[in-house]
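Chemist: Submitted below is the structure of interest, expressed as C-alpha cells.
The values are calculated or read from the model by the stated rules, or taken from the named source; none is laboratory data. It should be emphasised that the depicted structure is a prediction, and the values quoted were computed from it without experimental measurement. We place every Cβ from the backbone using ideal geometry, glycine too, and count neighbours over all the protein chains shown. Heavy atoms of the whole protein, side chains included, go into the accessibility calculation; ligands, DNA and RNA do not. Shrake-Rupley method; radii C 1.70, N 1.55, O 1.52, S 1.80 Å.
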Amino acid sequence: LSDEQVESLLKHLSETDKQKACWLSLAVTSGARFSEILRFKTDLIDENRRAFGDLFLETTKQIKTKGRGRSGKLLHKYILAEAFLPHYKAWLEERNKIIEKSGIEDHLFIFINNDGTPAEDYVIRNWFVGFEKFLGVDVYPHAFRHYATTLLSRKNIPHQLIKELFGWNSVNMVELYDDQTAKDRSWSELDNLKENK
C-alpha cells in the first residue's frame, strides 16, 4: 500500500468510523500482527511511556506475539506516538460511552462489538471488505505490517532498530517486509560517482 492509499483511507475512516480509524492507525504505526492488535487493551497504552527518542509509545506490559510454545513470544510493542494518539483518543471517548451504555463491566479491550463486548476476529476481518471497496485494491491484514516496515525503512531508520521495534531475531526480516524496490531507495553512496566541482 502507498502512503496516499493509507492516508486517504485513514482520513475517510476518521470521518466515518473512529474505531476503524483507530485500528488502522495502530496497524500502520506499530506493524503489529492482526492477532496482536486484538489483544490490545487500554491499560497497555500510556502516552507518557515513551521510547526511542520519545517518538514511540512502549506498551506498559509485554503482549503475546507469534512464537514457540503455548504463550508465544512475549514482547513490548512500539507505536509511533504522534500518528496514533489522535485516533486512539477520538475512539476511546466513543468506546467508553458504548461500554457505559451497555452496562457491562469494562474489559479494557480497545476494539469492541456494537454491544460493548470485545471485538471478535471475524468482525474486524469483515472491515477489510470496506477497506478494499474504498481503495479499489486487495487489502489483507499483513499488508499493514509490510507498510509499517517500509515506512520506517524509507525514513532511513536503521534496520537494526526496526528489528528491535518489531521484535525480530534478525535484520533479514526487515529486508523481507520492506517493499521498496532498488529504484525507490535513496542511495547516498551514489554521490561518490558525481564529479567533484
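Chemist: For the stretch 1-13, which residues satisfy the criterion of being part of a helix (DSSP H, G or I), open to solvent by 40 Å² or more (accessible area, probe 1.4 Å) and not acidic (Asp, Glu)?
Modeler: If the condition is that a residue be part of a helix (DSSP H, G or I), open to solvent by 40 Å² or more (accessible area, probe 1.4 Å) and not acidic (Asp, Glu), then Gln5, Ser8, Lys11, His12 are the ones that fit.
Chemist: Could you tell me how many of the residues in the stretch 99-112 are touching a helix residue (DSSP H, G or I) at 6+ places or on another chain (Cβ under 9 Å), surrounded by 15 or more Cβ atoms within 10 Å (Cβ to Cβ) and farther than 30 Å from Leu161 by Cβ?
Modeler: Residues flagged as touching a helix residue (DSSP H, G or I) at 6+ places or on another chain (Cβ under 9 Å), surrounded by 15 or more Cβ atoms within 10 Å (Cβ to Cβ) and farther than 30 Å from Leu161 by Cβ within the stretch 99-112 amount to 1.
Chemist: Of the residues Thr60, Thr29, which is touching a residue at least 12 places away in the same chain (Cβ under 8 Å), open to solvent by less than 50 Å² (accessible area, probe 1.4 Å) and under 16 Å from the mean Cα position of the chain (by Cα)?
Modeler: Working: Thr60 fails: under 16 Å from the mean Cα position of the chain (by Cα).
One residue alone meets the criteria, Thr29.
Chemist: Can you confirm whether Asn48 is in a helix (DSSP H, G or I) and either open to solvent by 40 Å² or more (accessible area, probe 1.4 Å) or under 16 Å from Phe34 (Cβ atoms) (or both)?
Modeler: Values: in a helix (DSSP H, G or I): no; either open to solvent by 40 Å² or more (accessible area, probe 1.4 Å) or under 16 Å from Phe34 (Cβ atoms) (or both): yes.
For Asn48, the condition - in a helix (DSSP H, G or I) and either open to solvent by 40 Å² or more (accessible area, probe 1.4 Å) or under 16 Å from Phe34 (Cβ atoms) (or both) - is not met.
Chemist: Among the residues of the stretch 158-173, which ones are open to solvent by 50 Å² or more (accessible area, probe 1.4 Å) and among the hydrophobic types (A, V, I, L, M, F, W, C)?
Modeler: Hits for the stretch 158-173 are Val171, Met173.
Chemist: How about the stretch 84-179: which helices (runs of 4 or more DSSP H) wholly inside it have at least 2 residues that are of a type in the set (A, V, I, L, M) and closer than 16 Å to Lys18 by Cα?
Modeler: The qualifying helices (runs of 4 or more DSSP H) are 121-135.
Chemist: Which number in (1) β-branched (Val, Ile, Thr); (2) modelled with pLDDT of 95 or more; (3) open to solvent by 30 Å² or more (accessible area, probe 1.4 Å) marks the one condition that Thr181 misses?
Modeler: (2)
Chemist: Only one of Lys66, Lys18, Lys77 is surrounded by 21 or more Cβ atoms within 10 Å (Cβ to Cβ), in contact with a helix residue (DSSP H, G or I) (Cβ under 8 Å, 6 or more places away or on another chain) and either closer than 22 Å to Leu152 by Cα or of a type outside the set (Val, Ile, Thr) (or both). Can you tell me which?
Modeler: Testing whether each residue is surrounded by 21 or more Cβ atoms within 10 Å (Cβ to Cβ), in contact with a helix residue (DSSP H, G or I) (Cβ under 8 Å, 6 or more places away or on another chain) and either closer than 22 Å to Leu152 by Cα or of a type outside the set (Val, Ile, Thr) (or both) leaves just Lys77.
Chemist: Give all pairs with beta carbons closer than 6 Å in which a residue from the stretch 117-133 that is more than 21 Å from Ser102 (Cα to Cα) meets a residue that is part of a helix (DSSP H, G or I); count only pairs at least 6 apart in sequence or on separate chains.
Modeler: Sorted first by the residue in the stretch 117-133, then by its partner, the pairs are Trp127/Lys20.
Chemist: Return yes or no: is His87 under 19 Å from Ala27 (Cα atoms), surrounded by 12 or more Cβ atoms within 10 Å (Cβ to Cβ) and touching a Ser or Thr at 6+ places or on another chain (Cβ under 9 Å)?
Modeler: Criteria met by His87.
Chemist: Something else now. So, in the stretch 32-57, of the ones that are within 15 Å of Ala148 (Cα to Cα) and touching a residue at least 60 places away in the same chain (Cβ under 8 Å), which residue ends up nearest to the chain's Cα centre (by Cα)?
Modeler: Among those that are within 15 Å of Ala148 (Cα to Cα) and touching a residue at least 60 places away in the same chain (Cβ under 8 Å), it is Ala32.
Chemist: Separate question: Give the stretch 35-45 a look and list any residue that's surrounded by 16 or more Cβ atoms within 10 Å (Cβ to Cβ) and under 26 Å from Met173 (Cβ atoms), or say none.
Modeler: Scanning the stretch 35-45 gives Glu36, Ile37, Leu38, Arg39, Phe40, Leu44, Ile45.
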